[in-house]
Amino acid sequence: MNVSVVLFTSDLRLHDHPPLWAAMEGGREVVPLFVRDRGVDRAGFAVPNRLAFLADCLRDLDAGLRERGGRLILRSGDVVEEVCRVVAEADADEVHMAADVSGYAHRREERLRRALEADGRRLHVHDTVTTALAPGAVAPASSDHFAVFTPYFRQWSAARLRDAVGAPRRVRVPDGIGSESLPSRSGPAGVSEDLAAGGEAEGRRRAAAWLRGGVAAYEDRHDDLAQDGTSRLSAHLHFGTLSPVELVHRARRTGGPGADAFVRQLAWRDFHRQLLAARPQAASADYRTKHDRWRSARVARADVEAWREGRTGYPVVDAAMRQLRHEGWMHNRGRLLTASFLTKTLYVDWRVGARHFLDLLVDGDLANNQLNWQWVAGTGTDSRPNRVLNPLAQAKRYDPDGGYVRRWVPELAGIDGPLVHEPWKIQGAERAALDYPDPIVTLSDGLARFRRARARD
C-alpha cells in the first residue's frame, strides 16, 4: 500500500498544511477527504451562515486541488465510519489530520484512532495547523494550562513557531474513489444578507490587503466601531482557509505597533484554545462559577427577544445586534458591549447569548465564542469579574460621531449630534415620530440588580 488519506476538518487550505505534506511524503498518492459530520449537525453547529461559508471553502479547496491534478472527496455521515470506508476503498494504510481542541473533537479523534488501529492502519494527528502554538506547548509550573493571558502571552511570544510551508505543486489522487457533489452557497436558507465570501483564495486576498494597508493603523483603530479598522479574517481562521502560523510570521515581518497589536489578538485565540483543550467542560459550564441565579427564561423572555432583535432602546447595543443579523459578523467591541448588556445589565445567563451568537456568527468558534462570553459574564478568566460596560459611555468613546449607530439603526439616521446615542432625551413631536423603543431597563436599575445578585455569592 502506498496511499494516504488526509482528513480536512477546520483546515480548508493548501498553503501551510503539514498533514497534506506528510501524507504525500515519499511520493504517495493522497485522498483529500472532507466529511460532512452528522454529529456536528445534531449538536446544532451546522447553521446557515457557516454552511454557506463552508460551501465556498469546499468549492475553492476542490478547485485548488484540481489545479494540481487532484480533487476533493466529499462524504456525509459519521466521520469514523466514512473515513474507514474511504480507507478501505483506497487501500490506504494511514490517515493524517489536524488536532482540534473541543471535547467532541478529542472523542472523535480517539474513536478514529481505535477503529484504524483495529484494522492495522495508523492515524497521525498534527499540531499547529489550526493554532500558531499548540495547546500545552507552554504551561505554568503549577498547572496544565494558563488561566491568565499576560503570562501566557509572554511565553507564547518567546516560543519558536514552526516555519510555514507553501502549497504543493501537484497532488496525486487515486482513481475510483466516489464523492458526493459539492454544496452550493445558495443551498441553506436563512443566510445573512451580506455574508462575506469564503475560501482560501479569498482569505489570502484579504490577508494580503490587510497586511499591506489596514494593519498599520490597527492599534489605534481596532475599537473604532464606525471605521471598522479590524482585519475581518476571523471566519477564515475559524475554517482554516488561513494558517495562523503563516499569519503570525507575515505580521511580524510587516512590523510596527499595529502588527504587534494584531499578533496579540492571534495569541488571544491560541489562549482560548489551550484553555478549552485543558477544560473542555468550559464550553457549557462556568470556568469559575459565581453561583449566579440568572433570571429565568420566563421572566426575561421579553428582554432577551428585544436584545436579539436589536430593540433594547440602547442604540449602540441595537446597532451591533443588527449588524450580526445582517452580516453574520459583529465588530469585536460590539461583541463585548452586547454580551455585557445581556449578562450584567439584563442579568441573563451567558449561555443564552453564546447560543444566539453561534446561531448567526460565520466565525462561530467554540473556544473563542464561549470563553469570550464567559470573560464578559465574569465566570471566565477576567480578573475583574464584576466589571460592567456602560453602553452610553462606550458609545461616546468608540462611536463618538454616531456613524455606526446611524448605519445600523436607520430609525435614528436623521438625528444630529450626541442625541443619537440617547434618543429618549428628544422632546415633543420629533420623539413621537421615531419608530424606536424606549430603553427596556434603566442602566442604574440593571446595575443595582446585578450587584445585588453578585453580592449573594
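Can you confirm whether the stretch 14-27 contains a residue that is in a loop (DSSP other than H, G, I, E, B) and in contact with a strand residue (DSSP E or B) (Cβ under 6 Å, 6 or more places away or on another chain)?
Going through the stretch 14-27, the residues in a loop (DSSP other than H, G, I, E, B) turn out to be 14-17.
With the extra rule that they be in contact with a strand residue (DSSP E or B) (Cβ under 6 Å, 6 or more places away or on another chain), the set shrinks to none.
No, because not a single residue in the stretch 14-27 is in a loop (DSSP other than H, G, I, E, B) and in contact with a strand residue (DSSP E or B) (Cβ under 6 Å, 6 or more places away or on another chain).
Looking at the stretch 169-222, which of its residues are closer than 18 Å to E67 by Cα and touching a Pro at 6+ places or on another chain (Cβ under 8 Å)?
V171, V173
Buried (at least 21 other Cβ atoms within 10 Å of the Cβ) and in a strand (DSSP E or B) - does that describe any residue in the stretch 98-110?
yes
Can you tell me which residue is surrounded by the fewest Cβ atoms within 10 Å (Cβ to Cβ) among those in the stretch 338-371 that are over 14 Å from the mean Cα position of the chain (by Cα) and among the aromatic types (F, W, Y)? Show your work before the answer.
From the stretch 338-371, those over 14 Å from the mean Cα position of the chain (by Cα) are 338-353; that's our starting set.
In the following step, the residues that additionally are among the aromatic types (F, W, Y) were identified as 341, 347, 350.
On the way: F341: 31, Y347: 21, W350: 24.
Going through the qualifying residues, I end up with Y347.
Looking at the stretch 311-337 only, could you name the residues that are touching a residue at least 24 places away in the same chain (Cβ under 8 Å), under 20 Å from N49 (Cα atoms) and either crowded, with 22+ Cβ neighbours inside 10 Å or among the hydrophobic types (A, V, I, L, M, F, W, C) (or both)? Break it down stepwise before answering.
First pass over the stretch 311-337, keeping only residues touching a residue at least 24 places away in the same chain (Cβ under 8 Å): 311-320, 322-337.
When the remaining residues are screened for being under 20 Å from N49 (Cα atoms), the result is 319-320, 322-332, 334-335.
Correct list: A319, A320, Q323, L324, G328, W329, M330, H331, G334.
So is P168 out of contact with any Gly (no Cβ under 6 Å at 6 or more places or on another chain), crowded, with 16+ Cβ neighbours inside 10 Å and under 16 Å from L242 (Cα atoms) or not?
Details: out of contact with any Gly (no Cβ under 6 Å at 6 or more places or on another chain): yes; crowded, with 16+ Cβ neighbours inside 10 Å: yes; under 16 Å from L242 (Cα atoms): yes.
Yes.
Determine which member of the set G414, G380, G446 is at negative phi, out of contact with any strand residue (DSSP E or B) (no Cβ under 9 Å at 6 or more places or on another chain), outside any loop (DSSP other than H, G, I, E, B) and among the small types (G, A, S). If you could, list the steps in order and put the result at the bottom.
Values: G414 fails: outside any loop (DSSP other than H, G, I, E, B); G380 fails: outside any loop (DSSP other than H, G, I, E, B).
Every option except G446 fails the conditions.
Considering each of L389, L371, L419 in turn, give the residue that is under 23 Å from H222 (Cα atoms) and either in a loop (DSSP other than H, G, I, E, B) or touching a Lys or Arg at 6+ places or on another chain (Cβ under 7 Å) (or both). Break it down into steps so the answer makes sense when it comes.
Details: L371 fails: either in a loop (DSSP other than H, G, I, E, B) or touching a Lys or Arg at 6+ places or on another chain (Cβ under 7 Å) (or both); L419 fails: under 23 Å from H222 (Cα atoms).
Answer to the selection: L389.
Since S296 meets every condition but one in (1) of a type outside the set (D, E, K, R); (2) crowded, with 21+ Cβ neighbours inside 10 Å; (3) more than 21 Å from the chain's Cα centre (by Cα); (4) within 24 Å of R454 (Cα to Cα), which condition does it not meet?
Of (1) of a type outside the set (D, E, K, R); (2) crowded, with 21+ Cβ neighbours inside 10 Å; (3) more than 21 Å from the chain's Cα centre (by Cα); (4) within 24 Å of R454 (Cα to Cα), only one is false for S296: (2).
Any residue at all in the stretch 72-93 that's on the phi > 0 side of the Ramachandran plot and surrounded by fewer than 19 Cβ atoms within 10 Å (Cβ to Cβ)?
At the first step, the residues of the stretch 72-93 found to be on the phi > 0 side of the Ramachandran plot are 77, 91.
Checking the rest, the ones that are also surrounded by fewer than 19 Cβ atoms within 10 Å (Cβ to Cβ) come to 77, 91.
There is at least one residue in the stretch 72-93 that is on the phi > 0 side of the Ramachandran plot and surrounded by fewer than 19 Cβ atoms within 10 Å (Cβ to Cβ).
Filter the stretch 130-146 for residues that are more than 20 Å from the chain's Cα centre (by Cα) and aliphatic (A, V, I, L, M) and give the result.
Of everything in the stretch 130-146, those that are more than 20 Å from the chain's Cα centre (by Cα) and aliphatic (A, V, I, L, M) turn out to be A137, V138, A139, A141.
Find the helices (runs of 4 or more DSSP H) located wholly in the stretch 230-286 whose residues include 2 or more that are more than 13 Å from the chain's Cα centre (by Cα), farther than 18 Å from T9 by Cβ and in contact (Cβ under 8 Å) with a residue 40 or more places away in the chain, and list them.
Per the criteria, 244-254, 257-278.
Bear in mind that the values in this text are calculations on the coordinates, not laboratory data. Everything numeric in this text was worked out from a predicted model, so none of it was measured. A quick note on method: Cβ atoms are made from the backbone with ideal geometry, for glycine too, and the neighbour counts reach across all protein chains shown.
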